[in-house]
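Following: one structure in structure tokens, then a few remarks.
The values are calculated or read from the model by the stated rules, or taken from the named source; none is laboratory data. A quick note: this is a predicted structure, and the numbers were derived from the prediction, not measured. Cβ atoms come from the backbone with ideal geometry, glycine included; neighbour counts cover every protein chain shown. Surface accessibility is based on the protein's heavy atoms, side chains included, excluding ligands, DNA and RNA. Shrake-Rupley method; radii C 1.70, N 1.55, O 1.52, S 1.80 Å.
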Amino acid sequence: MDLLIFGPPGAGKGTQAATLSKSLGMVQIATGDLMRKAVKSGSDLGKRFEHYMSQGLYVPDDMTIELLANRLDEGDAQNGAIFDGFPRTVAQAEALEGLLGKISRKINGILNLEVDLDSIVDRISGRRVCESCGQTYHVRYNPPPKPIDGEGSVRCVSCGKINSIIQRKDDNQDVVKSRNEIYLNQTLPILDFYKKKYGACIVHSLNGVGTQEEVYDRLRLAIETIRSGHKAP
Ligand code: AP5
């Protein structure tokens, strides 16, 4: 089964995709995480990604599609995936259709998280992430752990690394608002692309406001609906 988790920046896609990945045993493919990993490596490719990401701009389609295609070739992605943050343009959606089509797969359902702009700004401005493993925190809703010693060292609950919890460079109010505008103009039209191709029922729109557990429960219900209509090849 292939699922797409969809929604504006800060909607909770990464948080929920990580939890769903564990509970469903499906790999999460997040282009933002793959790009941040390349940036951290200091490679030339990473520097090109950083140029766009730090301004809240989309990385060009050709670079993004190549990154995704390489990830999709990896062994753990052979039986389905949760796509998080990809596709973000209609050109990327068309490319994904082509890539999945070649291996007799297709998107089985789109989980569309609906969140208002005030909540988005609140969530993103309070977000903290572990640079090492990508674990996401929020200063109020899911606070990072307390310091473990007098020096203020903090240990990530997920990977155990010390002092790796940071605020992303693109998590400031101005960049968040421009990322949201870009989402409305370039990413939202993807829903129509899929509806035209597979019918309106491919899109499962959910209220993304509420506790993480409440949103997770809504997602699981939607996934059961998708699963009941999907027959494994
Ligand atoms: P990416 O990393 O994908 O960022 P994004 O889509 O902008 O999404 P975010 O990671 O900001 O938010 P999210 O929805 O995952 O929310 P999260 O779970 O973290 O992309 C970053 C950049 O990379 C892009 O701007 C672009 O430059 C580039 N890029 C990536 N993919 C690309 C592509 N396909 N094409 C071109 N460029 C691409 O949650 C947010 C916060 O809210 C967290 O602190 C979390 O703890 C908290 N939270 C989550 N759920 C709840 C809840 N229910 N209640 C309260 N708080 C919550």
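Taking interchain pairs and intrachain pairs at least six residues apart, which have beta carbon atoms under 9 angstrom, with the first residue in the range 57-69 and closer than 19 Å to Arg105 by Cβ and near the ligand (Cβ under 8 Å from one of its atoms) and the second open to solvent by 20 Å² or more (accessible area, probe 1.4 Å) and part of a helix (DSSP H, G or I)? As it stands, the answer is Leu68/Leu34; Leu68/Ala95; Leu68/Leu99, since those pairs meet every condition given. Scanning the range 128-156 for residues that are hydrophobic (A, V, I, L, M, F, W, C), open to solvent by 40 Å² or more (accessible area, probe 1.4 Å) and farther than 15 Å from Arg168 by Cβ gives a single hit, Ile148.
Evaluation of Arg36 against the conditions (1) surrounded by fewer than 16 Cβ atoms within 10 Å (Cβ to Cβ); (2) basic (Lys, Arg); (3) in contact (Cβ under 8 Å) with a residue 12 or more places away in the chain shows that the sole unmet condition is (1).
The numbered conditions (1) more than 8 Å from the ligand (Cβ to nearest atom); (2) touching a strand residue (DSSP E or B) at 6+ places or on another chain (Cβ under 9 Å); (3) farther than 18 Å from Gly32 by Cα are all true for Leu117 except (2). Residues in the range 123-160 that are over 23 Å from the mean Cα position of the chain (by Cα) and not in a loop (DSSP other than H, G, I, E, B): Arg155 only. Tell me whether the range 151-168 contains one or more residues that are in contact (Cβ under 8 Å) with a residue 40 or more places away in the chain and within 11 Å of the ligand (Cβ to nearest atom). Yes: the range 151-168 contains one or more residues that are in contact (Cβ under 8 Å) with a residue 40 or more places away in the chain and within 11 Å of the ligand (Cβ to nearest atom).
Filter the range 66-97 for residues that are over 18 Å from Leu188 (Cα atoms) and open to solvent by 40 Å² or more (accessible area, probe 1.4 Å); which is modelled with the lowest pLDDT? Taking the candidates together, the pick is Asn79.
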